[in-house]
1. Here is a list of conditions, (1) assigned to a loop (DSSP other than H, G, I, E, B); (2) under 25 Å from Q6 (Cα atoms); (3) without any contact (Cβ under 8 Å) to a residue 24 or more places away in the chain, and R151 meets all of them except one; can you say which number that is?
2. Kindly evaluate H202 against the criterion of being surrounded by 16 or more Cβ atoms within 10 Å (Cβ to Cβ), at pLDDT 95 or above and within 16 Å of the chain's Cα centre (by Cα).
3. Quick check on region 178-199. Is at least one of its residues within 15 Å of the chain's Cα centre (by Cα) and in a helix (DSSP H, G or I)?
4. Only one residue in A144, A191 is surrounded by fewer than 15 Cβ atoms within 10 Å (Cβ to Cβ), in contact with a Pro (Cβ under 7 Å, 6 or more places away or on another chain), of a type outside the set (K, R) and at pLDDT 95 or above. Which one?
5. Out of all the residues in region 106-136, which are more than 26 Å from N2 (Cβ to Cβ), surrounded by 17 or more Cβ atoms within 10 Å (Cβ to Cβ) and not acidic (D, E)?
6. Can you go through R194, R222 and tell me which one is in contact with a helix residue (DSSP H, G or I) (Cβ under 7 Å, 6 or more places away or on another chain) and of a type in the set (K, R)?
7. Can you confirm whether region 156-177 contains a residue that is closer than 21 Å to Q25 by Cα and assigned to a helix (DSSP H, G or I)?
8. Mind telling me which of the residues Y18, Y62 ends up being modelled with pLDDT of 95 or more and among the aromatic types (F, W, Y)?
Amino acid sequence: MNRKQQVRAAFSAAARFYEEAARAQAISADFLAELVAGLPAPQAPKVLEFGCGTGLLTRRLYPRLGGEWLVSDLSPDMLRAAESALPGPRYQIVDAENPDLDESFDLIVSNMAAQWFADLPEAVARLASRLDPAGHLVFSTLAAGSFRQWRDAHQVLGLECGVPAFPTVDALKNTLPQARIVEQTFDLDYADGRAFAAELKHIGAGTPTPGHVPLSVGQLRRVFQGLGSPCAMTYHVAHVIISKE
């Protein structure tokens, strides 16, 4: 099973837990929806959403923007959950890194999915090529500084952290020079490190960096002890806006 298949399987398994556990995704979706709603758009835009999950962003934007929507995800289980919560848009499995679509859109949006791309600049170029003139590609992704407490707890113990290395905002600006980036930082509180790890699993985000060797039970217990109880976790979200024109 390759990494993309692993990610899809993890999110499919998490579909029934996602809504309750996706606190950070809901906060990011609120912020992103306001950014998107402030952009110029046709009265009835044609919209592609990728990485929809259970539809957190869809439910915030579809009633506000209207238009013709294609809502997509890699996971059929996530798509079913999103469609059951909001009938109306068209739902379809789409690999956003290689969108096999022969149509174009006024708006392409996504909330907290792009951090799973193997090659972000290449995927962005492919997606942007599907924009109509004056269209917008708007997505959020995790940036460096996210989960810093989790990383620090590993580093103090000399242990390797399995969380992917998220890009700095400067790195995003360098690789996506056409983008405007709006930053959002917030902390979420957890009873302890176990609660944080469980939340990641419940949203399907537990797939580690390729090649990471899982920690032993004892090592993981030491990480949890280092985090303390309760503990906080930082989320640094980069909201990326790319305009076709």
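1. (1)
2. On the way: surrounded by 16 or more Cβ atoms within 10 Å (Cβ to Cβ): yes; at pLDDT 95 or above: no; within 16 Å of the chain's Cα centre (by Cα): yes.
When the stated conditions are applied, H202 does not pass them.
3. Yes: one or more hits.
4. On the way: A144 fails: surrounded by fewer than 15 Cβ atoms within 10 Å (Cβ to Cβ).
Going through A144, A191 in turn, the sole match is A191.
5. The first filter runs over region 106-136 and keeps only residues more than 26 Å from N2 (Cβ to Cβ), leaving 106-107, 109, 131-136.
If we keep only those that are surrounded by 17 or more Cβ atoms within 10 Å (Cβ to Cβ) as well, we get 106-107, 109, 131, 135-136.
Selection gives L107, V109, L131, G135, H136.
6. On the way: R222 fails: in contact with a helix residue (DSSP H, G or I) (Cβ under 7 Å, 6 or more places away or on another chain).
Result: R194 is the single residue among R194, R222 that is in contact with a helix residue (DSSP H, G or I) (Cβ under 7 Å, 6 or more places away or on another chain) and of a type in the set (K, R).
7. In the first step, residues of region 156-177 are kept if they are closer than 21 Å to Q25 by Cα; the result is 162-169, 172.
Of the ones still in play, those that are also assigned to a helix (DSSP H, G or I) are 169, 172.
Checked against the condition, which is being closer than 21 Å to Q25 by Cα and assigned to a helix (DSSP H, G or I), region 156-177 yields at least one hit.
8. Details: Y18 fails: modelled with pLDDT of 95 or more.
After ruling out the rest, the residue left standing is Y62.
The values are calculated or read from the model by the stated rules, or taken from the named source; none is laboratory data. For clarity, every value in this text was computed on a predicted model and none was experimentally measured. As a convention, Cβ positions derive from the backbone with ideal geometry for all residues, glycine included, and neighbour counts pool all protein chains shown.
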